[in-house]
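The values are calculated or read from the model by the stated rules, or taken from the named source; none is laboratory data. Small disclaimer: the values here were computed from a predicted structure and weren't measured. FYI the Cβ positions are ideal-geometry reconstructions off the backbone, even for glycines, and counts take in every protein chain you see.
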Amino acid sequence: MERNTDSVDLVTRYFDSLEPQAREAFAALGDLYRDWNAKINVISRADTDNIYCRHVLHSLALAAFFGPLADGTSLMDLGCGGGFPGIPLAIMYPQCRFHLIDRIGKKIKVAQSIAEAVGLTNVTFQHGDSGECHARFDYVVSRAVMPLDGLVKACSRNIDTASPRPNRYGPGLVCLKGGDLTEEIAAVRRPVVEIPVTDFFSEPFFDTKKVVYVPFVKR
């Protein structure tokens with residue numbers, strides 16, 4: 001049986017050097033998402049007792065992958081829904097800039113409201129799709145939005161391949177996926193790096209979850 005993980009303590013177990021402001025912001029997310037989900041279905045109803053494990057910590061698998069990010073690093077969350085993974089990442093990286101975009105307006109409104117409620121000032125929002133966003137970013141992040149080859153095509157014009165920032169990983173797509181990705185990866189005409197989330201977190205929920213990194217090199 002999966003133990004009760006609906007607590008900010010799950011985040012601090014893996015990220016034990018959080019600033020007090022970040023810890024307070026993470027602690028507020030559970031109630032904020034439960035309150036909003038009662039009005040607008042932004043996450044599965046079955047997940048309302050597991051928000052920290054299945055949504056917050058899952059999003060932070062990308063932070064575990066990235067490690068430290070340089071000041072001014074920019075990230076676009078493509079298909080952010082109610083704010084995952086963008087909002088947890090924006091809390092984790094206050095020195096970075098985030099742009100959250102989604103086709104569903106009501107979900108963008110939820111994400112914006114939650115960002116405001118926890119005091120985020122490093123996040124902007126857009127109702128639309130990647131083709132309507134003409135900015136370039138160090139990274140595009142995403143969680144279970146579409147097959148990998150489609151995702152690579154959708155974000156290819158939004159990645160700044162010439163970014164000079166000294167991060168551990170070069171510019172590219174970094175997304176969260178689940179299950180057997182053999183066919184999805186085979187369809188992508190770029191190098192793909194697949195990392196099990198269990199390399200970072202031990203909860204059973206993550207047994208089939210992956211971080212997928214598609215680097216975009218300057219051509």
Subject >> helices (runs of 4 or more DSSP H) within the stretch 1-94 that include 2 or more residues touching a residue at least 40 places away in the same chain (Cβ under 8 Å), under 18 Å from the mean Cα position of the chain (by Cα) and more than 22 Å from T198 (Cβ to Cβ) >> reply: 20-37, 86-92
Original post:
From the residues in the stretch 160-177 that are of a type outside the set (A, V, I, L, M, F, W, C) and exposed (fewer than 15 other Cβ atoms within 10 Å of the Cβ), which one is farthest from the chain's Cα centre (by Cα)?
Top reply: P164
Original post:
Of all residues in the stretch 153-178, which are at pLDDT 95 or above and β-branched (V, I, T)?
Top reply: I159, V174
**OP:** Could you tell me which residue of the stretch 86-113 is modelled with the highest pLDDT, considering only residues that are farther than 20 Å from D31 by Cβ and among the charged types (D, E, K, R)?
**Re:** R97
Original post:
What residue, among those in the stretch 192-214 that are assigned to a strand (DSSP E or B) and in contact (Cβ under 8 Å) with a residue 40 or more places away in the chain, is farthest from S74 (Cα to Cα)?
Top reply: K209
**OP:** Name every residue in the stretch 185-214 that is within 18 Å of P68 (Cβ to Cβ) and surrounded by 15 or more Cβ atoms within 10 Å (Cβ to Cβ), in order of residue number.
**Re:** I195, F200, V211, Y213
**OP:** Give the stretch 102-130 a look and list any residue that's surrounded by fewer than 18 Cβ atoms within 10 Å (Cβ to Cβ) and assigned to a loop (DSSP other than H, G, I, E, B), or say none.
**Re:** R103, I104, G119, T121, N122, G128, D129
Original post:
Among A70, A64, which is the only one that is surrounded by fewer than 16 Cβ atoms within 10 Å (Cβ to Cβ), at pLDDT 95 or above and either among the small types (G, A, S) or closer than 19 Å to P166 by Cα (or both)?
Top reply: A70
**OP:** Output yes when any residue across the stretch 17-37 is more than 20 Å from L120 (Cα to Cα) and exposed (fewer than 14 other Cβ atoms within 10 Å of the Cβ), and no when none is.
**Re:** no
Original post:
Pairs under 7 Å by beta carbon, first residue over 11 Å from L151 (Cβ atoms) and assigned to a loop (DSSP other than H, G, I, E, B) in the stretch 164-191, partner at pLDDT below 95 and among the small types (G, A, S), six or more apart or different chains?
Top reply: P171/S163
Original post:
What number of residues within the stretch 145-159 satisfy the criterion of being part of a loop (DSSP other than H, G, I, E, B), in contact (Cβ under 8 Å) with a residue 60 or more places away in the chain and either surrounded by fewer than 16 Cβ atoms within 10 Å (Cβ to Cβ) or of a type in the set (S, T, N, Q) (or both)?
Top reply: 1
Subject >> Test result for T182, among the polar types (S, T, N, Q) and surrounded by fewer than 14 Cβ atoms within 10 Å (Cβ to Cβ) >> reply: yes
Subject >> Subset of the stretch 16-57 [touching a Leu at 6+ places or on another chain (Cβ under 6 Å) and farther than 24 Å from F206 by Cβ] >> reply: none
